[in-house]
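Engineer: Would you mind keeping the following structure in view while I ask a few things?
The values are calculated or read from the model by the stated rules, or taken from the named source; none is laboratory data. Small disclaimer: the values here were computed from a predicted structure and weren't measured. FYI the Cβ positions are ideal-geometry reconstructions off the backbone, even for glycines, and counts take in every protein chain you see.
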Amino acid sequence: MNDKFNFRIAELLAALFTGSHSEQDVGELRNWIQENERRSKFTTKILNEDNFEYNEKMLAKFPSEERWQRVKVLLDKTGKSKKLRLWMVRYTAAVVLLLVAVVSSLWLNKDEVEEQCPLPRVLASGTTGARLTTGNGKAIDITQNAHLQLHEEDGTSITTDSLGMVYEASDSVVEQEIWNTMETMTGREYMLVLADGTRIFMNAETQVTFPASFKGCERRIRLSGEAYFEVAKDPMHPFIVETEGAEVRVLGTSFNVRAYEGEQEMVTTLVEGKVAVSDSLTKREIHPGEQAVCMLAEGRIDVRQVEVSLYTAWKSGKFIFHNEPLEKIMTYLSHWYGFECRFLDNKAREVRIGASLNRYEDATPILSMLQKTNLVHVTQVDNVLYISSAK
């Protein structure tokens, strides 16, 4: 490859790495990568931060002034050096110099690329853990198998064991509710038993705000994220789950609510019992085997029959997908595995797949499955997945 072509490939890689790429850049780079499998491995090596030290050693073999002059000539020819501020030129040159040198050297030594390219970082599965914030604002990190015993200001006892956290109301005459917050981070799950006996199974990146002990005529909590509820029956005190822009009202039942921040839907899937889902304009009741999808932006609630296990499998240690768009699947999995997913074209986003996966395995089987579909290409750089359509 000549210097000009090296520079263009390096420029495309730098744009991809910094997230400043255009659709045209993506198409050009994808066409170049798809010409042979070695270029896909090559791209992974170039963009892998773990290789920077090795790349810098290779770069040191060439005189720095000579490298700069070669890149400066190319910048001048494209007119870019006149349009960029001096600091931007130097920054761009720093990135491009490194990439050009590596492109030139590694491409001429393809065996070395394959031998020294490290294995992608393993994207580990999540585990048990959460963070509790008590009524006085104290934050307590809860790890797996932690054993704690606490008391809230109204006398409510709080204990933890290997299964989760349990609240038990006292005989206190305090009428004011004291609110606590339980939060699971990326790759964490937790089980919480409220003072009324309601069990809440929290998925990753979920926040539940609730009274340490219910005092009024309602049992009202707030949810952001996803949780499975087994609500203790109490006809005199309805249980209400508030989410952003909607709520679910029940008397005693089992159901799943997904309402992650930033998503445009609040999805309630009913396992048993009966619930009412409402927003500011609409109210719909659903029965076992039905799902209510609250379209927050449109002020509409759609009800449909579903296979409940697809939406509650996470609670039992599985991920089950049936003909779902890949973008939706990867967004969902990212809460658990902690990766970032970047789609390089819209066609890849819309690919539909089905799968049944073990939630407690690392992400390797998932990535392998995607490659074997022959529908998409997946390139992993640290914890970032770049996905493009195969055709």
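Engineer: Kindly provide the set of residues from region 243-263 that are hydrophobic (A, V, I, L, M, F, W, C) and either touching a Phe, Trp or Tyr at 6+ places or on another chain (Cβ under 6 Å) or in a loop (DSSP other than H, G, I, E, B) (or both), ordered by number.
Structural biologist: V250, L251, F255
Engineer: Still on this model: Can you tell me which residues in region 285-296 are buried (at least 18 other Cβ atoms within 10 Å of the Cβ) and of a type in the set (D, E, K, R)?
Structural biologist: Result: E290, single match.
Engineer: Got a sec? Which of T186, T206 is in contact with a Gly (Cβ under 7 Å, 6 or more places away or on another chain), within 30 Å of Y337 (Cβ to Cβ) and in contact (Cβ under 8 Å) with a residue 60 or more places away in the chain? Give the steps one after another, and end with the answer.
Structural biologist: Numbers: T206 fails: in contact (Cβ under 8 Å) with a residue 60 or more places away in the chain.
Exactly one residue qualifies, and that residue is T186.
Engineer: Is one or more of the residues making up region 297-319 under 17 Å from the mean Cα position of the chain (by Cα) and hydrophobic (A, V, I, L, M, F, W, C)?
Structural biologist: yes
Engineer: Residues of region 329-359 being within 13 Å of S125 (Cβ to Cβ) and either touching a His at 6+ places or on another chain (Cβ under 8 Å) or exposed (fewer than 13 other Cβ atoms within 10 Å of the Cβ) (or both), which ones? Reasoning before the result, please.
Structural biologist: Pass one, region 329-359, residues within 13 Å of S125 (Cβ to Cβ): 333-339, 357-359.
If the condition is that a residue be within 13 Å of S125 (Cβ to Cβ) and either touching a His at 6+ places or on another chain (Cβ under 8 Å) or exposed (fewer than 13 other Cβ atoms within 10 Å of the Cβ) (or both), then N358 is the only one that fits.
Engineer: Tell me the residue from G299, G289 that is of a type outside the set (K, R), touching an Asp or Glu at 6+ places or on another chain (Cβ under 7 Å) and not assigned by TED's automatic domain parsing to the domain that holds L333, please. Don't jump to the end; show me each part of the working.
Structural biologist: Working: G289 fails: touching an Asp or Glu at 6+ places or on another chain (Cβ under 7 Å).
After applying the criteria, what remains is G299.
Engineer: Which is buried (at least 17 other Cβ atoms within 10 Å of the Cβ), at pLDDT below 95 and under 29 Å from A313 (Cα atoms), of G126, G135?
Structural biologist: Values: G135 fails: under 29 Å from A313 (Cα atoms).
Sole residue among the options that is buried (at least 17 other Cβ atoms within 10 Å of the Cβ), at pLDDT below 95 and under 29 Å from A313 (Cα atoms): G126.
Engineer: Return yes or no: is T206 among the polar types (S, T, N, Q), at pLDDT 95 or above and not assigned by TED's automatic domain parsing to the domain that holds L163? If you could, list the steps in order and put the result at the bottom.
Structural biologist: Values: among the polar types (S, T, N, Q): yes; at pLDDT 95 or above: yes; not assigned by TED's automatic domain parsing to the domain that holds L163: no.
No.
Engineer: Using the structure shown, decide if G245 is surrounded by fewer than 17 Cβ atoms within 10 Å (Cβ to Cβ) and assigned by TED's automatic domain parsing to the domain that holds D141. Lay out the reasoning, then the answer.
Structural biologist: On the way: surrounded by fewer than 17 Cβ atoms within 10 Å (Cβ to Cβ): yes; assigned by TED's automatic domain parsing to the domain that holds D141: no.
No, not satisfied.
Engineer: Still on this structure, please answer the following. Answer yes or no as to whether L281 is over 29 Å from the mean Cα position of the chain (by Cα), without any contact (Cβ under 8 Å) to a residue 60 or more places away in the chain and outside any strand (DSSP E or B). Quick ask: steps written out before the conclusion?
Structural biologist: On the way: over 29 Å from the mean Cα position of the chain (by Cα): yes; without any contact (Cβ under 8 Å) to a residue 60 or more places away in the chain: yes; outside any strand (DSSP E or B): yes.
In short, yes.
Engineer: State all residues of region 360-387 that are out of contact with any Lys or Arg (no Cβ under 7 Å at 6 or more places or on another chain) and surrounded by fewer than 16 Cβ atoms within 10 Å (Cβ to Cβ); if no residue qualifies, say none.
Structural biologist: Result: Y360, E361, D362, T364, P365, S368, M369, Q371, K372, T373, N374.
Engineer: Would you tally the residues in region 261-284 being surrounded by fewer than 21 Cβ atoms within 10 Å (Cβ to Cβ) and in contact with a helix residue (DSSP H, G or I) (Cβ under 9 Å, 6 or more places away or on another chain)? Can you show your working first?
Structural biologist: In the first step, residues of region 261-284 are kept if they are surrounded by fewer than 21 Cβ atoms within 10 Å (Cβ to Cβ); the result is 261-265, 267, 271-274, 276, 278-284.
Keeping just the survivors that are in contact with a helix residue (DSSP H, G or I) (Cβ under 9 Å, 6 or more places away or on another chain) gives 263, 267, 271.
Going through region 261-284 one residue at a time, the tally reaches 3.
Engineer: Please work out which one of (1) modelled with pLDDT under 95; (2) under 25 Å from T143 (Cβ atoms); (3) touching an Asp or Glu at 6+ places or on another chain (Cβ under 6 Å) is the condition V174 fails and give its number.
Structural biologist: Among (1) modelled with pLDDT under 95; (2) under 25 Å from T143 (Cβ atoms); (3) touching an Asp or Glu at 6+ places or on another chain (Cβ under 6 Å), V174 violates only (2).
Engineer: Taking P288 as meeting all but one of (1) in a strand (DSSP E or B); (2) over 23 Å from E218 (Cβ atoms); (3) touching a Leu at 6+ places or on another chain (Cβ under 7 Å), write down the number of the exception.
Structural biologist: Only one criterion in (1) in a strand (DSSP E or B); (2) over 23 Å from E218 (Cβ atoms); (3) touching a Leu at 6+ places or on another chain (Cβ under 7 Å) is unmet by P288, namely (1).
Engineer: Also: Looking for something closer than 30 Å to N358 by Cα and part of a loop (DSSP other than H, G, I, E, B) - is there at least one such residue anywhere in region 204-217? First the steps, then the outcome.
Structural biologist: Initial filter on region 204-217 (closer than 30 Å to N358 by Cα): 204-209.
Pick out the ones that are also part of a loop (DSSP other than H, G, I, E, B) and you get 204-205.
So far as region 204-217 goes, yes, one or more of its residues are closer than 30 Å to N358 by Cα and part of a loop (DSSP other than H, G, I, E, B).
Engineer: Then there is this: So which of R220, R258 is within 29 Å of the chain's Cα centre (by Cα), surrounded by fewer than 21 Cβ atoms within 10 Å (Cβ to Cβ), of a type outside the set (D, E) and at pLDDT 95 or above?
Structural biologist: On the way: R258 fails: surrounded by fewer than 21 Cβ atoms within 10 Å (Cβ to Cβ).
Testing whether each residue is within 29 Å of the chain's Cα centre (by Cα), surrounded by fewer than 21 Cβ atoms within 10 Å (Cβ to Cβ), of a type outside the set (D, E) and at pLDDT 95 or above leaves just R220.
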